Amino acid sequence: MSEAFRPITGLPAGLLRVIAVSDRINRSAGRAVAWLSLVMVLVTFIVVLLRYMFDLGSIAMQESVTYMHAALFMIGASYTLQRDGHVRVDIFYQRMSRCGRAWVDLLGTLILLVPVCLFVLLSSWQYVFDSWSLAEGSPEAGGIPAVWVLKTLILLLPSLLLIQGLALLLRNGLFLAGVDAALTSTDSETDRA
């Protein structure tokens, strides 16, 4: 059997499964939260309609837009990272070979993404815990009595980014180690999605 058609077994196959699971988690989260953009537009429309046509207001509805907006961006950040949709200055990156881009992605994940996510996770842990322990609610009368849910997103953001960062590290590390399937299998899965 030729080298190109030999099935991947052992450690690379296990790591490819870890990549697939990490990608699946963030793809599911991204798809779920994408619907919030539509709901957010509808709720905003209803808030404006109630206020200007019927002279009615709802602080809870207004706050819900803030909650949805926060969830959309904080949960959707890892999905955007997975889809390579974050803004970057790629004057040099686009001209690099696939191997060069793999090195940039690997080192960028190790040097920038992981430390920043760990910092956010560790520095906000107590803040979120305090909110949970108080069952913190809105400071506004009639607001959403669940500020602790909103603050939990502060922990969810770095957690999901770290999961996607793991997939990036494994994908680029395996590719640099000669496992071309680390890129092709996950890219084709993402394209189907």
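Coordinate-derived values only; no laboratory data. On a predicted model such as this, the values are computed, not experimentally measured, just so you know. Don't worry about glycine lacking a Cβ; one is built from the backbone with ideal geometry, like all the others, and counts go over all protein chains shown.
Determine the calculated [θ] at 222 nm for the chain from helices alone, applying -39500 (n - 2.57) to every DSSP H run no shorter than 4 residues and normalising by the residue count; nearest 500 deg cm²/dmol.
It comes out at -26000 deg cm²/dmol, rounded to the nearest 500.
So if I place +1 on the C-beta of Lys and Arg and -1 on the C-beta of Asp and Glu, and nothing else carries charge, what would the dipole magnitude of the chain be about its Cα centre? I want it in debye, nearest 20.
480 debye
Once Rh is set to the Kirkwood radius over Cα pairs, what Stokes-Einstein translational diffusion coefficient, in µm²/s, holds for the chain at a temperature of 25 °C and a viscosity of 0.890 mPa s?
It comes out at roughly 128 µm²/s.
Enumerate the calculated ³J(HN,Hα) couplings along region 130-146 in order (Karplus 6.51 cos²θ - 1.76 cosθ + 1.60, θ = phi - 60°), each rounded to whole Hz, writing x wherever the residue is Gly or Pro.
These are the phi-based 3J(HN,Hα) values: 4, 5, 5, 5, 8, 6, 4, x, 5, x, 8, 5, x, x, 6, x, 9 Hz.
Please state, rounded to one decimal and in Å, the Kirkwood hydrodynamic radius that region 48-142 gives when every pair of distinct Cα atoms enters the mean of 1/r.
17.5 Å
Could you work out how far helix 11-54 tilts from the main Cα principal axis of the chain, as a 0 to 90 degree angle to the nearest 10?
20 degrees
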